[in-house]
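Asks: Dumping the structure here so I can ask a few things about it.
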Amino acid sequence: MNIRNPSPVLSLTTGLAVGLLTGCGTVTGNSSDSGSRIVMGMSDEVLATDPASGYDPGSWLLFNNVFQSLLSFPNGATEPQPEAAKKCVFTDNRITTYECTLKDDLKFSNGDSLTSKDVKFSFERMLKINDEAGPAVMFPMLDKVETPDEQTVVFKLKYADATFPSKVASGAGSIVDHRSYDADGLRKDGGAVGSGPYKLDSFGKDEAVFSVNENYEGNADVENSGVTMKFFHGDQTALKRDLRDNKLDVAYRGLSSTDIADIEADSSAHSAVDIVDGTGAEVQHLVFNMDDPVAGRLGVRQAMAYLLDREALIEQVYQGTATPLYSIIPAGITGHNTAFFDTYGARPSKAKAEAALRAEGINGKVKLTLWSTPSRYGPSTDQEFQAIATQLNNSGLFEATVKSVPFEQYEKDIDAGKYGVYVKGWVPDYPDPDNFTSPFFGDGNVLGNNYTNKTITGTLLPKTAAESERSATEQEYAELQNIVAEELPVIPIWQAKQYAVVKNNVYGLEYCLDASTVFRFWEISKD
């Protein structure tokens, strides 16, 4: 991926001493008079316009463009820099007090002043509402928010969390106007009042319209006059058609790997559009219910790990739009290793799989159902799981079938413990190894698979959370990944690349596709 050099950023490793400061030479403000309106199509849904509710890729795309957070991720960077804040710092060696000073004269898109009161209100509101589809789950460490004056916000944490700045920099840290939101309930009108580069003019079933926020003061330099986002509700065929019919400038999130390959191969289409790819940190795992009578047996899980052919799977189903994943932490993120490659190899081994089953006392074929859901974790998930079942069955050691159910029922059944093997995908909230480990293996993990390991929860995760020098956590994260490879509560499958298809007079998409998963409207321009 071609990435412009990120803006100057002070590393979090210096946070205890001087904190995060606005870098010299940072471009602020907007250029609303320049550029043309961009029309973008997406098959993902935007499930919320209220930051206290949305915790999905579509909603966070909206949040990252309409709302400011105290910190943000520059393109190509994995450490946050000040955005609404001009300085943020841990003020104690225990990493439990985090203080931010706001920039002067910040305003929301409606002209209201943005002060520390709004920051306090936003965090307390999110936690109080605690919406089951919202991001409050990211802040169990937050004890209270204090506002000594209008420009200062102090976060008191219950325990050390060096990743707190990254969480603040995510969509979960969106600042709302306390005058425009109910402290006790979600906003239901589809409106939004933020202080980000754009304001939301309208939001409907099939379209959202954004214009440039003239009151914005921050690091983004807006390269267009606004964005219209068309929603295709999972209809990939219609998304692809409208792109080819010149009704869209950009297609993002929703084109299948087959669509990408077809567009690349179509010389007539290729003359009119460009495919832009970038680093991605989205991952997908096979998940095992550790209490299941079949999948709960280690030998069964080991046999599957020995038989999974990721290379063939990606070639057959994803046509090169993903890469094999042999670790819990993806490539490009601190702490990444290849624990599964080292333990189970890159090529399938029937002999090792059979030995694992025999050591478990299993002599016949293993009857197994792989549970999938058709679109939530990518449009090719069902096809992928059929291919995995075929790999298992071709070994002669398994009798695997695939069942796919709608996502709402799928989640209920996982919570009820009805599935032995199922799929989970993960788009990170922030580009830190903590976000690929704590949610999966910490207390109350999001996988719902009844897995716990006291070394992980009692030692490794607390130790990494207390380390402000994130590169110093590699040994602990390596140990964690090795434990997971040995005990096999999950098997990582792939790490996605990011793609956008754009008309050949549209520019800047390479600055929107990186491991932070922040899609930056303001970087897109059009002749």
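The values are calculated or read from the model by the stated rules, or taken from the named source; none is laboratory data. Please read all numbers here as calculations on a predicted model, not as lab measurements. Neighbour counts are summed over all protein chains in view; Cβ atoms, including those assigned to glycine, are modelled from backbone coordinates with ideal geometry. When the accessible area is computed, the model is the full protein with side chains, heavy atoms only, and any ligands, DNA or RNA have been set aside. Shrake-Rupley method; radii C 1.70, N 1.55, O 1.52, S 1.80 Å.
Asks: So between Ala355 and Gln409, what do we pick up on full extension, going 0.36 nm a residue minus the alpha carbon distance?
Replies: Taking Ala355 through Gln409 to full extension adds about 15.8 nm, to one decimal.
Asks: Please work out how much accessible surface Arg125 shows to a 1.4 Å probe, ignoring ligands, DNA and RNA, in Å² rounded to 10.
Replies: Using a 1.4 Å probe on the heavy atoms, I get roughly 10 Å².
Asks: Quick check: with the 1.4 Å probe, what order do His233, His285, His178 take by accessible area, largest first?
Replies: Result of the area sort, largest leading: His233, His178, His285.
Asks: Okay, next question. Any idea how far apart Asp266 and Asp221 come out in nm if each label point goes 7 Å out from Cα toward Cβ?
Replies: With each label point 7 Å from Cα toward Cβ, the separation is 3.6 nm.
Asks: Tell me whether segment 50-123 comes out rounded, prolate or oblate; compute the Cα gyration tensor, take square roots of the eigenvalues as a ≥ b ≥ c, and use a/c under 1.5 as the rounded threshold.
Replies: Here segment 50-123 falls in the oblate category.
Asks: Right, next: Say the dipole of the chain comes from +1 at the beta carbon of Lys and Arg and -1 at that of Asp and Glu; which of Thr49, Ala312, Leu488 then lies farthest toward its positive end?
Replies: Towards the positive end, the residue furthest out is Leu488.
Asks: From largest accessible area down, sort Lys86, Lys454; use a 1.4 Å probe on the protein chains.
Replies: Listed by decreasing accessible area, they come as Lys454, Lys86.
Asks: List the lysines whose alpha-carbon lies under 27 Å from that of Lys350, not counting same-chain residues fewer than 8 positions away?
Replies: Lys365, Lys367, Lys403, Lys424
Asks: Among 243-253, 436-446, how do they line up by average Cβ neighbours within 10 Å per residue, starting with the highest?
Replies: 243-253, 436-446
Asks: Using the Cα gyration tensor of the chain, with a ≥ b ≥ c the square roots of its eigenvalues, what is the shape: rounded (a/c below 1.5), prolate (a/b larger than b/c) or oblate (neither)?
Replies: It is oblate, given that a/c is not under 1.5 and a/b is not larger than b/c.
Asks: Sticking with this one: What shape does segment 412-527 take by its C-alpha gyration tensor, where a ≥ b ≥ c are the square roots of the eigenvalues and a/c under 1.5 counts as rounded, a/b above b/c as prolate, and the rest as oblate?
Replies: oblate
Asks: With a cut-off of 8 Å between alpha carbons and a minimum separation of six or more residues, what is the relative contact order of the chain in percent?
Replies: Once divided by the residue count of the chain, the mean separation gives 21 percent.
Asks: What fraction of the DSSP beta bridges in the chain is antiparallel, stated in percent and rounded to the nearest 5?
Replies: Antiparallel bridges: around 75 percent, rounded to the nearest 5.
Asks: Sequence gap of 8 or more, or different chains, plus Cα separation below 24 Å: how many lysine pairs satisfy both in segment 136-246?
Replies: Lysine pairs meeting both conditions in segment 136-246 amount to 13.
Asks: How much accessible area per residue does the chain have, in Å², with a 1.4 Å probe?
Replies: Counting only protein heavy atoms, the per-residue value for the chain is 39 Å².
Asks: I've got another one for you. Whenever you get a sec, line up Asp527, Asp262, Asp292 from highest to lowest accessible area (probe 1.4 Å, protein heavy atoms).
Replies: Asp527, Asp262, Asp292
Asks: Need the C-alpha centroid separation for segment 115-150 versus segment 212-285, integer Å.
Replies: 33
Asks: Pop a pseudo-label 7 angstrom from the Cα along the beta-carbon direction at both Thr97 and Ala331 and give the gap in nm to one decimal.
Replies: Each label point lies 7 Å from its Cα, and together they span 4.4 nm.
Asks: Counting only protein heavy atoms and using a 1.4 Å probe, what share of the accessible area of segment 159-232 belongs to carbon plus sulfur, as a whole percent?
Replies: 43
Asks: Percent of accessible area on segment 462-527 owned by carbon and sulfur, 1.4 Å probe?
Replies: Answer for segment 462-527 is 43 percent, counting heavy atoms of protein chains only.
Asks: With contacts defined as alpha carbon pairs under 8 Å and 6 or more residues apart, what's the relative contact order of segment 47-123 in percent?
Replies: Rounded, it is 15 percent for segment 47-123.
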